[in-house]
1. May I ask you to order 23-30, 365-372, 115-122, 259-266 by the average number of other C-beta atoms within 10 Å around their residues, highest value first?
2. Roughly what would the spin-label model give for Leu241 and Asp206, points 7 Å off Cα along C-beta, in nm?
3. Can you give the FRET efficiency to the nearest 0.05 for Lys179 and Thr53, using r as the Cβ-Cβ distance and R₀ = 30 Å?
4. Using the Cβ atoms and a cut-off under 13 Å, what net charge is assigned to the surroundings of Asn412, where Lys and Arg are +1 and Asp and Glu are -1?
5. Give the span of segment 176-326's Cα atoms along each principal axis, as three whole-Å numbers ordered largest to smallest.
6. Per residue, how much accessible surface does the chain expose to a 1.4 Å probe? Answer in Å², no decimals.
7. Counting only protein heavy atoms and using a 1.4 Å probe, what share of the accessible area of segment 100-210 belongs to carbon plus sulfur, as a whole percent?
8. Given segment 158-217, what whole percent of its Cα pairs are spread farther than 15 Å?
Amino acid sequence: MVDKPEDPIQYLINFLKRDSVDVPRIILLGPPASGKRTIAKKLCEHTQAIHVTLSDILNDDKNQDKKQKISKDLWSQLIQQRLSKPDCVRRGWLLEAIPMTQEEALCLQEAGITPDHVVMLEAPDVVLIERSSGKRIDPVTGDIYHVTFMWPESEEVAQRLETPRTMMPADLIAKKLQKYHTEAHALKRTYHSCLKIINADQPHVDVFSQVLNYVRTPRHSASPYIPRILLFGPPGSGKSLQAKLLAQKYGIVDICCSELLKAVSADENHMGELIKPYLESEQQVPSSIVLRIFTERLSRMDCTTRGWVLHGFPQDVEQAEKLQESNFLPNRVFFLEMTDDIAIERVTLRAVDPVTGEWYHTVYKPAPGPEVQARLWFDPRNSETQLLKRLKEYWSHAVDLQAFYPQAVYINADQDPHTVFESLESRLVG
């Protein structure tokens with residue numbers, strides 16, 4: 001049977017992505033004259049990654065005026081379009097001098113562009129200023145050389161070298177370096193989990209050797225895997241508490257479906273305005289919209305580098321399939337199990353103190369005194385009638401979800417929360 005996709009280009013990209021898990025995704029940063037272009041070209045020769053620069057991207061965009069400053073959104077869109085082309089998907093990519101600011105780095109994260117390795121070259125300013133004054137360019141290949149640090153071996157190449165048309169004076173170079181250092185500090189914080197700083201004040205062959213060794217190192221080789229956890233369970237099973245405990249101990253991102261939707265709704269953007277009417281009327285947000293929100297959130301740098309624990313989504317097999325098609329694959333799935341009677345006891349008897357925000361429970365954690373007891377607020381959504389509807393909805397999909405995730409682990413949730421956590425943890429690291 002032959003596939004006849006509606007969008008052939010996107011189909012091809014998705015097809016290529018299946019085999020592109022280990023392709024290089026590299027960002028190479030550094031101050032002016034640190035040797036980025038030379039290292040980038042050699043690195044791409046060795047890794048077969050596509051060398052991407054902002055000037056190349058702007059040249060590809062025929063509608064863009066090269067002298068006009070582009071907006072942040074257009075900048076992000078152009079980079080996304082370039083990295084989505086089949087050559088970058090299949091062979092990987094190297095972004096040279098992209099991003100240049102923390103704001104640009106966050107734009108890339110929001111667009112789902114996450115590098116496996118970030119290399120930042122460093123050298124003393126006096127060395128960089130001296131390099132700038134001695135720079136020479138091969139007009140045939142565009143390769144950069146230096147009269148002192150890197151002279152070509154070929155006499156033919158040496159004969160045709162030219163001085164750059166725009167040689168900056170030392171004071172202007174110093175100002176550019178000062179601006180770079182200001183932004184570099186923030187970029188280091190943004191990419192700290194995958195960053196390697198390399199001294200560029202040494203022979204370029206040594207610099208290249210160190211860069212190549214780093215990008216060939218598998219990401220997070222010190223740990224067995226980046227946790228990507230799904231937590232299922234009926235209302236009252238303790239999903240939120242267990243997710244919080246896992247996030248605190250392992251530094252992973254805790255993503256609760258209802259909390260994420262509330263946060264998006266609070267933003268005054270298109271997506272927030274789109275889902276706000278559903279939340280205000282207590283209607284279910286359409287799965288297609290929820291999936292778009294989760295795709296964006298799970299693509300951010302914190303999730304891709306630290307891992308995540310997700311609860312409240314997916315709620316049925318259709319959503320689970322869509323999540324899988326989006327290539328967000330959990331490596332641990334847990335079902336917290338308990339009877340409906342226990343769920344009713346846990347949920348219907350809990351209330352919140354509107355003054356302190358503290359939660360109490362009639363049986364397990366009574367209010368400390370009559371004054372607090374008198375002002376407790378019981379959420380009408382936690383009434384027995386409403387809870388039974390939610391339990392019925394959960395169990396109507398639970399069997400199919402259990403079949404969809406055959407490797408799932410089942411945990412008895414009718415225990416002390418710390419005992420439940422120990423059970424989860426033993427299967428998480430085991």
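The values are calculated or read from the model by the stated rules, or taken from the named source; none is laboratory data. Since the model is a prediction, treat every value here as computed from it, not as a measurement. We place every Cβ from the backbone using ideal geometry, glycine too, and count neighbours over all the protein chains shown. Just so you know, the surface numbers come from the protein's heavy atoms only, side chains and all, with ligands and any DNA or RNA stripped out. Shrake-Rupley method; radii C 1.70, N 1.55, O 1.52, S 1.80 Å.
1. Numbers: 23-30: 23.6, 365-372: 11.6, 115-122: 21.6, 259-266: 16.6.
Highest to lowest by the protection proxy: 23-30, 115-122, 259-266, 365-372.
2. Inter-label distance under the simple model: 5.8 nm.
3. Working: r = 19 Å, r/R0 = 0.64.
Efficiency computed from Cβ-Cβ geometry: 0.95.
4. Details: positive: Arg427; negative: Glu337, Asp414, Asp416, Glu422.
For residues surrounding Asn412, the net value is -3.
5. Each principal axis gives a Cα extent; for segment 176-326 these are 64, 37, 29 Å.
6. Values: 24250 Å² over 430 residues.
Using a 1.4 Å probe on heavy atoms only, each residue of the chain averages 56 Å².
7. Values: 3300 of 6370 Å².
Accessible surface attributable to carbon and sulfur in segment 100-210 totals 52 percent.
8. On the way: 1247 of 1770 pairs.
Cα-Cα pairs of segment 158-217 separated by over 15 Å account for 70 percent.
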